[in-house]
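To start, the structure under review is shown below, and the notes come after it.
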Ligand code: DX5
Ligand code: ZN
């Protein structure tokens, strides 16, 4: 059975040029990407610091592409309304950073955004079981979050198959997204496992021709 679906391709600005964000967004648009992935890091939940909601708002003013905000912060509940106001379409927070994750999902949806949750490589899929009916997106981290350019941890790909089985059996609605270390060499395997959304930071932005790289990753002939 051919399990491949049409891929939603979401380049991550993390590997773009922070001194020339509009040029990086232009590259993303020229590659006919579907979404822009925006990594918000607080220097606490992850060691790195990136940007906040003002950046998301300004990007929202220069592109019509959906904005896929990945919050890598402690206390995500404190930031949801700012990112919703800034124009985020999807807001994804980390299960490991949240106490009242069900409430945060409700909070995101009440603000008119799609609700996503992410798990780091060390967190099992079973930790999500009570939340599955409510989620619009599950972001499987295939590296430990915090930095671009790391190598994909292949074991994490088992989570795609498991979450697809759970989704099909129960009729859940979430999209499955993979983030970290995706490149032209491992993308075919990831697609075969039934991923919906592929995020690519360094492989996209470090490529000589990002549009060509994008086509290889999403499996376009
Ligand atoms: C890492 C971020 C990723 C990152 C991926 O913590 O969540 O979105 O940009 O970068 P690559 O594709 O280089 O691993
Ligand atoms: Zn990310």
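Quick look at the values:
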{"quantity": "Neighbour-count ranking [beta-carbon atoms within 10 angstrom, fewest first] of 110, 29, 213", "calculated": "110, 29, 213"}
{"quantity": "For q = 0.27 Å⁻¹, Debye-computed log10 I/I(0) when each Cα of the range 138-197 counts as one equal scatterer", "calculated": "-1.16"}
{"quantity": "Histogram of C-alpha separations across the range 113-153, 10 Å bin width, %", "calculated": "27, 48, 24, 2"}
{"quantity": "Antiparallel content of DSSP bridges confined to the range 8-218, in %, to 5", "calculated": "5"}
{"quantity": "Neighbour-count ranking [beta-carbon atoms within 10 angstrom, fewest first] of 79, 37", "calculated": "79, 37"}
{"quantity": "Calculated P(r) tail over 19 Å for the range 102-221, as whole % of Cα pairs", "calculated": "49"}
{"quantity": "Spherically averaged projected area in nm², based on the convex hull that wraps the Cα atoms of the range 8-218", "calculated": "10.4"}
{"quantity": "For the range 116-131 and the range 23-59, distance of Cα centres in Å", "calculated": "23"}
{"quantity": "Stretch gain in nm, segment residue 150-residue 30, where the contour uses 0.36 nm per residue and the Cα spacing is subtracted", "calculated": "40.7 nm"}
{"quantity": "Computed Rg/Rh of the range 38-125, alpha carbon atoms with Kirkwood Rh", "calculated": "0.95"}
{"quantity": "Spin-label pair residue 185/residue 75, simplified geometry with 7 Å Cα→Cβ offset, distance in nm", "calculated": "4.3"}
{"quantity": "Distance from the range 67-83 to the range 190-220 (C-alpha centre basis), Å", "calculated": "25"}
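Throughout, read-outs are computed from the coordinates displayed, never taken from laboratory work. Treat the numbers as computed from the prediction; the structure is a model and nothing was measured. Backbone-built Cβ (ideal geometry, glycine too); neighbour counts: all protein chains shown.
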